[in-house]
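Peer 1: Take a look at this one; I'll ask things after.
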Amino acid sequence: MADVRDPRPRLLVMAWSTLRSDARVLRQISLFSQRYAVTTLGYGEAPEGVVEHLRLPDDVVHWHKDRRLLVQRRFETAYRQAPVTLAAAELLAGQPRFTVVLADDIDTLPLALDLAPTGGVHADLHEYHPRQNEESWRWRAFVAPYYRYLVRRYGPLADSVTTVGDGIAREYRLRFGLRAGVVVNAPQHVDLAPGPVGDPLRLVHSGNAQRHRLDVILEAMDLVRPPLTLDLYLMPNDEAYLAQLRERYAASDRVRINPPVAPHELPATLNAYDVGVYVLPPVSFNHLWALPNKVFDFVQGRLALVVGPSPEMAALVRRHRLGVVSADFTAQALADTLDGLTPEQVAGFKAASHAAAGELSAEQQVRGWERAVDTLAARVGG
């Protein structure tokens with residue numbers, strides 16, 4: 001139990017994720033842990049900076065729901081009887097009243113509202129939940145209506161809302177009337193300088209080992225004409241696919257598969273390269289409007305960027321003149337874009353990343369959370 005003598009306002013941060021590896025949640029904790037007594041509720045070990053951690057059991061699967069209830073459209077009962085809801089409610093039983101609750105994703109919002117914190121509830125929506133996995137017909141038929149219900153029923157009850165990008169914020173406003181501010185997934189500012197441009201150009205990509213996120217980039221490497229190299233720093237979320245990649249490129253002198261790098265070490269690792277590459281085929285609404293961590297990691301690494309025509313990523317690259325946007329999401333379009341890069345262009349793009357690194361950092365972007373939570377805490381003199 002947290003120290004009841006701590007004079008700071010009590011802030012609960014809730015997320016159905018492994019908190020120590022959830023970059024967005026860690027930024028929230030880092031932002032508030034000096035001025036608030038932060039309690040966390042989620043999976044895994046306690047993050048640094050919290051006064052108390054309520055750990056969800058590892059064997060409770062957060063996405064498990066009673067299929068019969070979903071089919072019957074008994075969505076409220078499905079939520080209340082979900083294993084993660086029951087486990088979280090048990091952990092929260094007997095807690096003193098919080099000043100503010102920061103609910104990450106719509107799945108935590110009903111429980112956050114149940115707690116009735118004295119200042120209020122802020123909801124941070126990491127995705128557009130009603131279309132999160134719409135590439136699956138089963139998900140569209142059975143799970144999407146459940147999430148539409150949660151957003152429609154509980155979204156308007158949050159005292160304030162943020163999300164990850166303008167496109168997703170616009171969709172929440174148009175479909176559900178939610179007015180969401182935007183806090184992009186930018187990491188902490190890192191004091192680096194652009195490195196010299198390599199010959200040949202050194203491409204890099206970091207992230208999850210997922211087929212639909214890598215296949216276009218890897219196919220493009222078979223099509224490019226210059227002797228470019230590509231280094232991949234991949235998380236082992238799909239061990240079988242990662243093993244296939246290691247075997248496929250074991251003898252390659254152009255594509256290298258590297259172990260993942262800790263988030264705080266990633267910018268310095270990326271700084272040794274020239275061009276950060278990411279093309280995400282728009283298989284779902286959230287993929288179309290994605291503006292992921294890795295784009296901002298590339299900026300902190302002072303790289304040139306080559307991205308597909310995803311609206312948010314393309315707008316960011318063009319606004320700050322960070323690099324080039326491919327004509328479409330195909331491997332051939334990406335290869336053509338990479339073929340057209342010159343060392344002089346890449347040097348200019350790296351300089352532009354350096355100029356934008358301060359603005360596109362967590363220190364600037366998290367002010368949206370700071371304003372929202374501080375406003376709620378101030379209701380009770382926090």
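The values are calculated or read from the model by the stated rules, or taken from the named source; none is laboratory data. Just so it is clear, the model here is predicted, and its values are computed rather than measured. Quick reminder, even Gly has a Cβ in these numbers, built from the backbone with ideal geometry, and neighbours come from all protein chains shown. Please note that ligands, DNA and RNA were not included when accessible areas were found on the heavy atoms of the full protein model with its side chains. Shrake-Rupley method; radii C 1.70, N 1.55, O 1.52, S 1.80 Å.
Peer 1: How many of the residues making up the stretch 276-312 are open to solvent by 10 Å² or more (accessible area, probe 1.4 Å) and part of a loop (DSSP other than H, G, I, E, B)?
Peer 2: Within the stretch 276-312, residues that are open to solvent by 10 Å² or more (accessible area, probe 1.4 Å) and part of a loop (DSSP other than H, G, I, E, B) number 8.
Peer 1: I've got another one for you. Scan LEU334, LEU341, LEU322 and give me the residue that is of a type outside the set (Lys, Arg), at pLDDT 95 or above, over 17 Å from the mean Cα position of the chain (by Cα) and within 21 Å of ALA23 (Cβ to Cβ).
Peer 2: Of LEU334, LEU341, LEU322, the one residue that is of a type outside the set (Lys, Arg), at pLDDT 95 or above, over 17 Å from the mean Cα position of the chain (by Cα) and within 21 Å of ALA23 (Cβ to Cβ) is LEU322.
Peer 1: For residues in the stretch 1-16 being farther than 19 Å from GLU90 by Cβ and surrounded by fewer than 24 Cβ atoms within 10 Å (Cβ to Cβ), which is modelled with the highest pLDDT?
Peer 2: ARG8
Peer 1: Taking the stretch 19-28, which residues are open to solvent by 20 Å² or more (accessible area, probe 1.4 Å) and either in a helix (DSSP H, G or I) or at pLDDT 95 or above (or both)?
Peer 2: ARG20, SER21, ALA23, LEU26, ARG27
Peer 1: Consider ALA116 carefully, then state whether it is out of contact with any Leu (no Cβ under 6 Å at 6 or more places or on another chain) and either not in a helix (DSSP H, G or I) or not hydrophobic (A, V, I, L, M, F, W, C) (or both).
Peer 2: For ALA116, the condition - out of contact with any Leu (no Cβ under 6 Å at 6 or more places or on another chain) and either not in a helix (DSSP H, G or I) or not hydrophobic (A, V, I, L, M, F, W, C) (or both) - is met.
Peer 1: Could I ask something else about it? Please tell me if PRO282 is touching a helix residue (DSSP H, G or I) at 6+ places or on another chain (Cβ under 6 Å) and either in contact (Cβ under 8 Å) with a residue 60 or more places away in the chain or within 23 Å of ALA314 (Cα to Cα) (or both).
Peer 2: Taking the combined requirement at face value, the residue satisfies it.
Peer 1: Could I ask something else about it? Given the conditions (1) over 26 Å from PHE296 (Cβ atoms); (2) open to solvent by 10 Å² or more (accessible area, probe 1.4 Å); (3) of a type outside the set (Asp, Glu), which single one is not true for LEU31?
Peer 2: Unmet for LEU31, out of (1) over 26 Å from PHE296 (Cβ atoms); (2) open to solvent by 10 Å² or more (accessible area, probe 1.4 Å); (3) of a type outside the set (Asp, Glu): (1).
Peer 1: Further question: Within the stretch 221-241, is even one residue among the aliphatic types (A, V, I, L, M), assigned to a helix (DSSP H, G or I) and over 24 Å from PRO267 (Cα atoms)?
Peer 2: Among the residues of the stretch 221-241, at least one is among the aliphatic types (A, V, I, L, M), assigned to a helix (DSSP H, G or I) and over 24 Å from PRO267 (Cα atoms), which makes the answer yes.
Peer 1: Take the stretch 206-245 and flag every residue that is surrounded by fewer than 14 Cβ atoms within 10 Å (Cβ to Cβ) and basic (Lys, Arg).
Peer 2: ARG211, ARG225
Peer 1: Spot the failing condition for ARG68; the list is (1) free of Cβ contacts under 8 Å to residues at least 60 places away in the same chain; (2) open to solvent by 20 Å² or more (accessible area, probe 1.4 Å); (3) in a loop (DSSP other than H, G, I, E, B); (4) on the phi < 0 side of the Ramachandran plot, and only one is missed.
Peer 2: So ARG68 meets the others, but not (3).
Peer 1: Further question: Looking at LEU157 and the list (1) open to solvent by less than 50 Å² (accessible area, probe 1.4 Å); (2) without any contact (Cβ under 8 Å) to a residue 60 or more places away in the chain; (3) of a type in the set (A, V, I, L, M); (4) touching a strand residue (DSSP E or B) at 6+ places or on another chain (Cβ under 9 Å), which single condition is not satisfied?
Peer 2: Single failed check for LEU157: (1).
Peer 1: Hey, can you tell me all the residues within the stretch 85-100 that are outside any helix (DSSP H, G or I) and either in contact with a His (Cβ under 8 Å, 6 or more places away or on another chain) or surrounded by fewer than 16 Cβ atoms within 10 Å (Cβ to Cβ) (or both)?
Peer 2: Listed by number, the residues that qualify are ALA93, GLY94, PRO96, ARG97, VAL100.
Peer 1: Something else now. Would you tally the residues in the stretch 188-205 being open to solvent by 60 Å² or more (accessible area, probe 1.4 Å), in contact (Cβ under 8 Å) with a residue 12 or more places away in the chain and under 25 Å from the mean Cα position of the chain (by Cα)?
Peer 2: Total satisfying the criteria: 2.
Peer 1: Taking ASN185 and the conditions (1) farther than 30 Å from PRO156 by Cβ; (2) touching a residue at least 12 places away in the same chain (Cβ under 8 Å); (3) not β-branched (Val, Ile, Thr), which numbered condition does it fall short on, given that it satisfies the others?
Peer 2: Status for ASN185: all satisfied but (1).
Peer 1: Same structure, new question: Restricted to the stretch 313-370, and to residues that are more than 30 Å from ARG35 (Cβ to Cβ) and polar (S, T, N, Q), which residue is surrounded by the fewest Cβ atoms within 10 Å (Cβ to Cβ)?
Peer 2: Out of the qualifying residues, it is THR342.
Peer 1: Something else about it: Step by step: first the residues of the stretch 123-154, then only those that are open to solvent by less than 60 Å² (accessible area, probe 1.4 Å) and of a type in the set (D, E, K, R), then the one that is farthest from the chain's Cα centre (by Cα). Which residue is that?
Peer 2: GLU134
Peer 1: Where the second residue is in a helix (DSSP H, G or I) and modelled with pLDDT of 95 or more and the first is closer than 14 Å to PRO9 by Cα and lies in the stretch 360-381, which pairs have Cβ atoms under 9 Å and are six or more apart or on separate chains?
Peer 2: From the stretch 360-381, the pairs are GLU370/LEU31; GLU370/PHE32; VAL373/GLN28; VAL373/LEU31; VAL373/PHE32.
Peer 1: Return yes when LEU214 is in a helix (DSSP H, G or I), without any contact (Cβ under 8 Å) to a residue 60 or more places away in the chain and of a type in the set (A, V, I, L, M, F, W, C) and no when it is not.
Peer 2: Spelling it out, LEU214 is indeed in a helix (DSSP H, G or I), without any contact (Cβ under 8 Å) to a residue 60 or more places away in the chain and of a type in the set (A, V, I, L, M, F, W, C).
Peer 1: Something else: Any residue in the stretch 289-315 that is without any contact (Cβ under 8 Å) to a residue 12 or more places away in the chain sitting within a Cβ distance under 7 Å of a residue that is surrounded by 23 or more Cβ atoms within 10 Å (Cβ to Cβ)? List the pairs, counting only those 6 or more apart or interchain.
Peer 2: Listed pairs, sorted by first residue: ALA314/VAL307.
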